[in-house]
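Reading through the structure tokens given below for one structure.
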Amino acid sequence: MIPNKLWNNEILYQSENLLETYKNELISLGMLEYAQLFKGDTSGAIGGENEEETIKHFSERFLTSSARMQFLVLDPKKYFSQISKDLHSTFSSGNISILDIPSGTGAGVLSLLFNISELRNSTKLPRLPLNISIFAGDYSESALNIYCNILESAKLKLERELIYIKYDRQIWDASDIKSTTSLMKKWLKNEEKYEEFYILMSAFSGVGSDKYKTFAGVFDFIQNFVSDLHCTTILIEPNTHKAKSFLAEFAKSAKKWIKWLIRKEETTNDERFQWKDSVTNNIAKSGVLVNQYSRV
Ligand SMILES: C[S@@+](CC[C@H](N)C(=O)[O-])C[C@H]1O[C@@H](n2cnc3c(N)ncnc32)[C@H](O)[C@@H]1O
């Protein structure tokens, strides 16, 4: 079911298109050599504090985040049968609008798009026109700049598989209601054009678990704002203590919204999958936790 070039001998290989896009951006930032020599021996900056921190995070952690999303979309070990199936069905055709928060430099969304594209290319998914509008929010302007660069260079590659993207972005502070109101209004300004809405929250726990109390009101606000839309929220995290605590807090908050949401929770069950890091040339290991909230 999964193309050999992406999953072989129990090892995940990232899409050539994603790697090319990523490496070109590393080259333009003058960071390719730094990324190739990175030994994975820091805990990994959260990113976003300032431009230097953002570029470092992009060079060290981008492929780790994209590997987690890829493992979910392809689901080679059948850990995520329900959520992965939902993703395939949502991203098969039509008009979809994604809110990517905090977007960082775009590892999550780029991996989602290129893996859907790979599945279309190998005829594992139907090749029907798919229009995706993406709105990114992050408090780091430098992350948003890189985000837009990589989506711009991905655009034509995705169009070969009839995936048409447009994107916009806004500086956003997850602890601030005013900034979130403006984010939500802009994201939904052409609401009537889309059949489905997606809120992608990938690798939020690094900052989100320590600051959960500061962000909780904003999470309530976002979910209330979309309560009459066909909207799915997906949280994808590494299998860490911080992430478990973040997801547990989010699930507690969700009890307030649960009247209109159903929750699905799937994980790699503490097992770690192997993936090839084609920049450092190492085989790395990761685990994934996924929570999905969708309308009844
Ligand atoms: C680990 S990155 C996640 C990026 C991306 N979603 C991914 O999958 O790789 C975390 C992001 O959170 C952003 N961030 C940290 N605090 C924030 C806040 N208060 N409001 C909005 N974004 C914040 C940082 O700028 C950083 O880009």
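The values are calculated or read from the model by the stated rules, or taken from the named source; none is laboratory data. Because the structure is a prediction, the values reported are computed rather than measured. So basically every Cβ, Gly included, is an ideal-geometry build from the backbone, and we count neighbours across all protein chains shown. Areas reflect the complete protein model, heavy atoms only, side chains present, ligands, DNA and RNA absent. Shrake-Rupley method; radii C 1.70, N 1.55, O 1.52, S 1.80 Å.
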Handout entry: Percentage relative contact order, the stretch 1-116, counting C-alpha pairs under 8 Å, at least six apart
Key = 29
Exercise for the section: Place a +1 charge on the Cβ of each Lys and Arg in the stretch 7-295 and a -1 charge on the Cβ of each Asp and Glu, then give the dipole magnitude about the Cα centre in debye, rounded to the nearest 20. Expected result: 820
Handout entry: Accessible area per residue in Å² at 1.4 Å probe, computed on the stretch 54-149
Key = 27
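Does the stretch 115-168 classify as rounded, prolate or oblate by the C-alpha gyration tensor (a ≥ b ≥ c root eigenvalues; a/c under 1.5 gives rounded; else a/b over b/c gives prolate, otherwise oblate)? Please report the intermediate quantities before stating the final value.
On the way: a/c = 2.73, a/b = 2.47, b/c = 1.11.
Taking the square roots of the gyration eigenvalues as a ≥ b ≥ c, the stretch 115-168 is prolate.
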Exercise for the section: Quick one: compute the contact order of the chain, relative version, from alpha carbon pairs under 8 angstrom and 6+ residues apart, as a percent. Expected result: 21
Handout entry: Gap separating the Cα centres of the stretch 62-127 and the stretch 228-296, nearest whole Å
Key = 13
Completion exercise
Expressed in square angstrom to the nearest 10, the accessible area of Ile11 with a 1.4 Å probe stands at 30
Problem - Sequence-distant lysines (8 or more away, or on other chains) whose Cα lies within less than 27 Å of Lys213 - result: Lys178, Lys185, Lys186, Lys242, Lys244, Lys252, Lys255, Lys256, Lys259, Lys264
Fill in the blank from the handout: In the stretch 7-295 the accessible area split gives carbon plus sulfur, as whole percent at 1.4 Å, a share of 48
Practice task
Give me the accessible area per residue for the stretch 179-296, probe 1.4 Å, as a whole number in Å².
Solution key: 47
Completion exercise
Mean shadow area (nm²) of the C-alpha convex hull around the chain is 13.6
Problem - Highest-first arrangement of 269-279, 240-250, 100-110, where packing means the average Cβ count within 10 Å - result: 100-110, 240-250, 269-279
